[in-house]
Amino acid sequence: MISKNLIKEIILSNRAFILDSVSGIVPRAAAEVVAPGKTVIMHGIRRSGKTFILYDIFRRNSDMALYLDFEDDRLTGFTAADFQTVQDAFLELKPETAGRIVYLFDEVQHVEEWERFCRRVTERENAAVYVTGSSSKLMPLEVDTAIRGRAWSVAVFPFSFPEFLHLRSGKLDNNEILYGTGKVETKRLFAEYAKWGGFPETALAADPLDKTKLLKEYLRAMFFRDLVERYGMTNIALFDALADKLFSSFSTRLSLTAFYRQYKDLFPFSKDLLFQYFHNFEESMLIFAVRKFSESSYKRSRNPVKIYPVDTGLCRRVASEDAGRILENIVFIELARQGMEVYYFEEKQECDFIVKGGEGAGFAAFQVCLELTDENRRRETGGLLAACKRLLMTDGMILTDDQEWEEEVEGVKIRVLPVWRWLIMDK
């Protein structure tokens, strides 16, 4: 058991640290989530800013919030039974918070059966509970059945472009960014965002060598802590070959069957193991796989998937034409961040994204390319038109690096927008 006095010391030292020493908190959508009667579970890739989201929530509720980090060495040996000691200690420090405590638990997966305490205090004591942890252990299907149905899962990604802008330029007026003197600087920062991605620490680093080093360290930690150790992935030759393929094949299609044929004679592995390793990459949120749009789940499963890493800083660039693929990756992550169902469209022509929102929402179609030219315009517009007609949509969008206009083609209104502008606009 952890002593009550030690818990009090930790609570107060964390409070002082968050209120007095933490700076540079960027407001993020996840910090505004309110789910009465449920535990808010923030899961996502490491270094994406989950801890700072908890800091932000703490500051918004500082009179009644307590924060614990279960990677704190002072909490070594903490068990589920110690949660009651935490509650008792906090109420002795702040008796006026009874019935309205805001619990903030960081890296909660280190405590077995944490779910039971969280369910009790949210259901019976009017508490608000926010927890964070590794993506692999706090995915909706991974949490204990004691809290399923009583949890609100929030996927946390690295910074969106508006969050990146806020970090680098402070709070700016959208009109100033979109149309005024801030436009040139916004476009410059977007080019940096596209190249290096949105990991908070990378976004703050000034030296390109430091950014490169950080991204390499992140990948190393993600590979070995979140994949190899977590899932016991012992076939390192297969792991290395698959990782190389996934991060160099961003925004393109990948057939695992073709991968198997290509590599099966180079080192030993089974097709089942390949599919399991691929599933592990997906579950860790390192990569996302987009399926072909079809009403048939069988057809969706039988076709190649398109691969999108969680952040463009992790994309392995090998050629100059990668710029268009980077834009496509950025658009996908934004759609995923909004909670959209995303598919790619392919019949006689192709469209990058067919998306569907929540219950009752219709479909929308997006095509992404670096630039519309005389050479590619028929292909890009044709793919968008085919998708719109297939799903009876009267408008679609083509997102580019820096072009903007509207036109109507064959009864479909097509809006062409720069990706950076689309990311900032209210959707």
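Exposure check, 1.4 Å probe, all protein chains in place: Arg47 carries approximately 120 Å² of accessible surface. With a simple spin-label model that places each label point 7 Å from the Cα along the Cα-to-Cβ direction, the separation between Phe267 and Glu176 comes to 5.3 nm.
Computed with a 1.4 Å probe over protein heavy atoms only, the accessible surface of the stretch 251-316 comes to 49 Å² per residue. Both the radius of gyration and Dmax for the stretch 330-373 are 11.4, 37 Å, in that order, over alpha-carbon atoms.
Each Lys and Arg adds +1 at its Cβ and each Asp and Glu adds -1 at its Cβ; summed about the Cα centre, the stretch 225-305 shows a dipole of about 440 debye. Each residue was assigned an accessible area with a 1.4 Å probe, and for Lys216 the value is about 130 Å². With both labels modelled 7 Å from their Cα along Cα-to-Cβ, the Phe224 to Ser255 distance reads 3.6 nm. Quick check on the stretch 148-306: take the gyration tensor over C-alpha atoms, sort the square-rooted eigenvalues as a ≥ b ≥ c, and tell me if it's rounded (a/c under 1.5), prolate or oblate. Prolate. With R₀ fixed at 45 Å, the C-beta to C-beta distance from Leu12 to Lys216 puts the FRET efficiency at about 0.75. Distances between placed amide hydrogens fall under 5 Å for Trp152 paired with Thr39, Val40, Ile41, all partners being 5 or more residues away or on another chain. Taking max minus min of the alpha-carbon positions on each principal axis, the chain gives extents of 72, 59, 47 Å, largest first. Rolling a 1.4 Å probe over the heavy atoms of the protein chains gives the stretch 380-427 an accessible area of 44 Å² per residue.
Accessible surface computed residue by residue for the stretch 1-132, with neighbouring protein chains in place and a 1.4 Å probe, gives 44 Å² per residue. Take the solvent-accessible surface of the protein heavy atoms, probe 1.4 Å, and return the percent of it on the stretch 291-342 that carbon and sulfur atoms account for. Here carbon and sulfur together make up 47 percent of the probe-accessible area.
Taking the Cα centre of the chain as origin and assigning +1 to Lys and Arg Cβ atoms and -1 to Asp and Glu Cβ atoms, the resulting dipole is close to 740 debye.
Rounded, prolate or oblate: which fits the stretch 1-123 when a ≥ b ≥ c are the square roots of the eigenvalues of the alpha-carbon gyration tensor, with rounded for a/c under 1.5 and prolate only if a/b beats b/c? Rounded, because the longest to shortest axis ratio a/c is under 1.5. What would the Debye equation give as log₁₀ I(q)/I(0) for the stretch 218-267 at q = 0.14, 0.18, 0.30, 0.32 Å⁻¹, counting only Cα atoms as equal point scatterers? Each listed q corresponds, in turn, to -0.40, -0.65, -1.15, -1.18. Note on the stretch 344-411: the alpha carbon radius of gyration divided by the globular reference 2.2 N^0.38 Å gives 1.09. For Val33, the solvent-accessible surface computed with a 1.4 Å probe is close to 30 Å², ligands and nucleic acids excluded.
Give the carbon-plus-sulfur fraction of the accessible surface of the stretch 350-427 in %, rounded to a whole number; probe 1.4 Å, heavy atoms of protein chains only.
That fraction is 45 percent.
The stretch 64-104 and the stretch 267-291 have their alpha-carbon centroids 38 Å apart. What share of Cα pairs, in percent, lie more than 16 angstrom apart in the stretch 281-350? Roughly 53 percent, once rounded to a whole number. Taking a straight Cα-Cα cut-off under 17 Å and skipping sequence neighbours fewer than 8 places away in the same chain, the aspartates and glutamates within cross-link reach of Lys4 are Asp69, Asp72, Asp73, Asp82, Asp88, Glu92.
Quick check on the chain: of the DSSP beta bridges with both residues there, what percent are antiparallel, nearest 5%? Beta bridges within the chain, antiparallel portion: roughly 40 percent. Going by the alpha-carbon gyration tensor, a ≥ b ≥ c the square roots of its eigenvalues, is the stretch 247-290 rounded (a/c under 1.5) or, if a/c is not under 1.5, prolate (a/b greater than b/c) versus oblate? Because a/c hits 1.5 or more and a/b fails to exceed b/c, the stretch 247-290 counts as oblate. Students often get this wrong: which residues of the stretch 148-183 have the backbone nitrogen under 11 Å from the point 7 angstrom along Cα-to-C-beta of Val33? Flagged as within label range: 151-157. To the nearest ten degrees, helix 114-124 and the longest principal axis of the Cα atoms of the chain are 80 degrees apart. Express the carbon and sulfur contribution to the solvent-accessible surface of the stretch 59-138 as a percent, rounded to the nearest whole number, probe 1.4 angstrom. The nonpolar share, carbon plus sulfur, comes to 42 percent. Taking the charge dipole of the stretch 18-155 about its Cα centre, with +1 at Lys and Arg Cβ atoms and -1 at Asp and Glu Cβ atoms, the residue from Gly24, Leu93, Tyr67 reaching farthest to the positive side is Gly24. For the stretch 1-36 versus the stretch 357-427, the inter-centroid distance based on Cα atoms is 43 Å.
The values are calculated or read from the model by the stated rules, or taken from the named source; none is laboratory data. Keep in mind it's a predicted model, so treat the numbers as computed, not measured. Backbone-built Cβ (ideal geometry, glycine too); neighbour counts: all protein chains shown. For accessibility, only protein heavy atoms count, side chains too; no ligands or nucleic acids. Shrake-Rupley method; radii C 1.70, N 1.55, O 1.52, S 1.80 Å.
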